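Participant: To start, I am sharing the structure in question, which I have written as structure tokens.
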Amino acid sequence: MSQTAMPAPPVANAVSPATGRLEGLDGLRGIAALCVLWFHATGLFQADYASAGRGYLAVDFFFMLSGYVMARTYEHRFAAGYGAGSFLVARFRKLWPFMAVGALIGVPIVAIQLSDPLETMKIAAANVFLVPSFGTSELYPVNIAAWSILAELFANLIHGLLLWRMPNRLLALFAVGLVPLACWIGYSFGGLAVGADTATTHLGFIRALLPYCIGVLLWRWWRDQPTFRINPVWALAAMPLLVLAIPAGLTVPWAYDLAFALLVCPLLMAGGLAYTGSNAMLRWIGGISFPIYAINLPLLLWSKALGLGMVTGLALSLALAAWLAMRSTSRPPRAGPQLSHAQGA
């Protein structure tokens, strides 16, 4: 019986994948998640997000890291016939359990705020399954941070449908074409903190797609071996300094955001890739990074509502994240392609 041959994939993408865990990137991802935790805690308990610098920029690092890891893990599979639909389903299955826990923690808070059981049920039923609530001011009232997962899934879909087919030059031109849009967003909104509310949902997709594309290109160019060396210790130390220790009174804050997302993040990635050792702490902090991101905001809101204080809220977030990570790693892996632990922010 004759078989129809599949078309050959672009030469630039038909390279065997790298193997092995990238513990330097694990560490950076974990530190970025802690930056988001601190940013949320400071804003909620001190009513002053400015005192936590520009912690939301850690999310832009997550987007770039996701592009890199997804290209590293999946582009050879796309070339072999793995479909965009299967990829999107796999990503949803990977990201959903932790986000569902965060959403369930947040449902009672929304119930108290709305005092409308029917409306609460409608919002909760949607948000728990990562479906946005377009009838509200926020996409995900039960867990605001879920907007970034929607944006990342959008970038994943574009990757599976289009990006993997693009040769490097065309993908680079596509990314460059998104830069003016990112500049307009930064200039118009005073920075890159867009995407969480219904008014800027579409802008959040652009915010995610640009660093995601850069991450894909970095994988194709570097193959885990950057063409220049950044000391990994410096990269690990720079992450909290550059996103949390930035003074509120920047003259051109949006320019800083763009410089971080487009220039600093690749340097941080290079520093993470430069680490070739083995470190249990880096693995552990990387392992709890996504659980931290998924559950911290609703748990912090509960801590504030109950008068438990900021330190208790931070401790509860770390403890629950560590428990969830331990539970997820103790379960036997599913059959089929194994997913990397890329952050979904």
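The values are calculated or read from the model by the stated rules, or taken from the named source; none is laboratory data. It should be emphasised that the depicted structure is a prediction, and the values quoted were computed from it without experimental measurement. Ideal geometry is used to build each Cβ from the backbone, glycine not excepted, and the neighbour counts take in all protein chains shown. Protein only, heavy atoms only, side chains kept; ligands, DNA and RNA dropped before computing areas. Shrake-Rupley method; radii C 1.70, N 1.55, O 1.52, S 1.80 Å.
Participant: Suppose the filter is under 19 Å from SER148 (Cα atoms) and either of a type in the set (S, T, N, Q) or in contact with a strand residue (DSSP E or B) (Cβ under 7 Å, 6 or more places away or on another chain) (or both); does THR227 pass it?
Facilitator: On the way: under 19 Å from SER148 (Cα atoms): no; either of a type in the set (S, T, N, Q) or in contact with a strand residue (DSSP E or B) (Cβ under 7 Å, 6 or more places away or on another chain) (or both): yes.
Spelling it out, it is not the case that THR227 is under 19 Å from SER148 (Cα atoms) and either of a type in the set (S, T, N, Q) or in contact with a strand residue (DSSP E or B) (Cβ under 7 Å, 6 or more places away or on another chain) (or both).
Participant: Moving on to the next point. Determine whether SER303 is over 21 Å from the mean Cα position of the chain (by Cα), assigned to a helix (DSSP H, G or I), more than 17 Å from LEU65 (Cα to Cα) and among the small types (Gly, Ala, Ser). Lay out the reasoning, then the answer.
Facilitator: Numbers: over 21 Å from the mean Cα position of the chain (by Cα): yes; assigned to a helix (DSSP H, G or I): yes; more than 17 Å from LEU65 (Cα to Cα): yes; among the small types (Gly, Ala, Ser): yes.
So SER303 passes the test.
Participant: Does region 54-67 include one or more residues that are touching a helix residue (DSSP H, G or I) at 6+ places or on another chain (Cβ under 8 Å) and more than 22 Å from ARG207 (Cβ to Cβ)?
Facilitator: Start the filter on region 54-67 by keeping residues that are touching a helix residue (DSSP H, G or I) at 6+ places or on another chain (Cβ under 8 Å), which leaves 54-67.
Subsequent filtering for residues that are more than 22 Å from ARG207 (Cβ to Cβ) retains none.
Looking for residues that are touching a helix residue (DSSP H, G or I) at 6+ places or on another chain (Cβ under 8 Å) and more than 22 Å from ARG207 (Cβ to Cβ), one finds none in region 54-67, hence no.
Participant: Can you tell me which residue in region 52-79 is modelled with the highest pLDDT, limited to those that are part of a loop (DSSP other than H, G, I, E, B) and under 21 Å from GLY215 (Cβ atoms)?
Facilitator: Residues of region 52-79 part of a loop (DSSP other than H, G, I, E, B): 53-56.
After this cut, where a residue has to be under 21 Å from GLY215 (Cβ atoms) as well, the list is 54-56.
Details: ARG54: 90, GLY55: 91, TYR56: 94.
Top of the filtered list is TYR56.
Participant: In region 257-297, how many are closer than 14 Å to PHE61 by Cβ and of a type outside the set (A, V, I, L, M, F, W, C)?
Facilitator: Going through region 257-297 one residue at a time, the tally reaches 7.
Participant: All but one of (1) under 23 Å from ARG21 (Cβ atoms); (2) open to solvent by 10 Å² or more (accessible area, probe 1.4 Å); (3) touching a helix residue (DSSP H, G or I) at 6+ places or on another chain (Cβ under 7 Å); (4) charged (D, E, K, R) hold for ARG93; state the number of the condition that does not hold.
Facilitator: The number of the failed condition is (3).
Participant: Next up: Given the criteria part of a loop (DSSP other than H, G, I, E, B), in contact (Cβ under 8 Å) with a residue 40 or more places away in the chain and among the small types (Gly, Ala, Ser), does GLY102 qualify?
Facilitator: no
Participant: Restrict the check to region 172-181 and report whether at least one residue is out of contact with any strand residue (DSSP E or B) (no Cβ under 7 Å at 6 or more places or on another chain) and in contact (Cβ under 8 Å) with a residue 60 or more places away in the chain. Full working, then the answer.
Facilitator: Restricting attention to region 172-181, the residues satisfying the condition of being out of contact with any strand residue (DSSP E or B) (no Cβ under 7 Å at 6 or more places or on another chain) are 172-181.
Applying the additional criterion that residues be in contact (Cβ under 8 Å) with a residue 60 or more places away in the chain yields 179.
Yes, there is a match, as at least one residue in region 172-181 is out of contact with any strand residue (DSSP E or B) (no Cβ under 7 Å at 6 or more places or on another chain) and in contact (Cβ under 8 Å) with a residue 60 or more places away in the chain.
Residue-by-condition table, conditions (1) under 25 Å from LEU25 (Cα atoms); (2) among the aliphatic types (A, V, I, L, M); (3) buried (at least 20 other Cβ atoms within 10 Å of the Cβ):
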site	(1), (2), (3)
ARG229	yes, no, no
TRP234	yes, no, no
PRO253	no, no, no
ALA259	yes, yes, no
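Participant: With a cut-off of at least 3 residues that are within 19 Å of ARG91 (Cβ to Cβ), name the helices (runs of 4 or more DSSP H) lying wholly within region 142-253. Reasoning before the result, please.
Facilitator: Numbers: elements: 147-161, 168-189, 201-222, 232-244.
In region 142-253, the matching helices (runs of 4 or more DSSP H) lie at 147-161, 201-222.
Participant: Give region 114-128 a look and list any residue that's part of a helix (DSSP H, G or I) and in contact (Cβ under 8 Å) with a residue 24 or more places away in the chain, or say none.
Facilitator: Scanning region 114-128 gives a single hit, ASN127.
Participant: May I pose another question? How many of the residues making up region 50-84 are open to solvent by 50 Å² or more (accessible area, probe 1.4 Å) and within 20 Å of the chain's Cα centre (by Cα)?
Facilitator: 0
Participant: Only one of ALA319, ALA294, ALA315, ALA305 is hydrophobic (A, V, I, L, M, F, W, C), loosely packed, with under 15 Cβ neighbours inside 10 Å and in contact (Cβ under 8 Å) with a residue 60 or more places away in the chain. Can you tell me which?
Facilitator: Working: ALA319 fails: in contact (Cβ under 8 Å) with a residue 60 or more places away in the chain; ALA294 fails: loosely packed, with under 15 Cβ neighbours inside 10 Å; ALA315 fails: in contact (Cβ under 8 Å) with a residue 60 or more places away in the chain.
After ruling out the rest, the residue left standing is ALA305.
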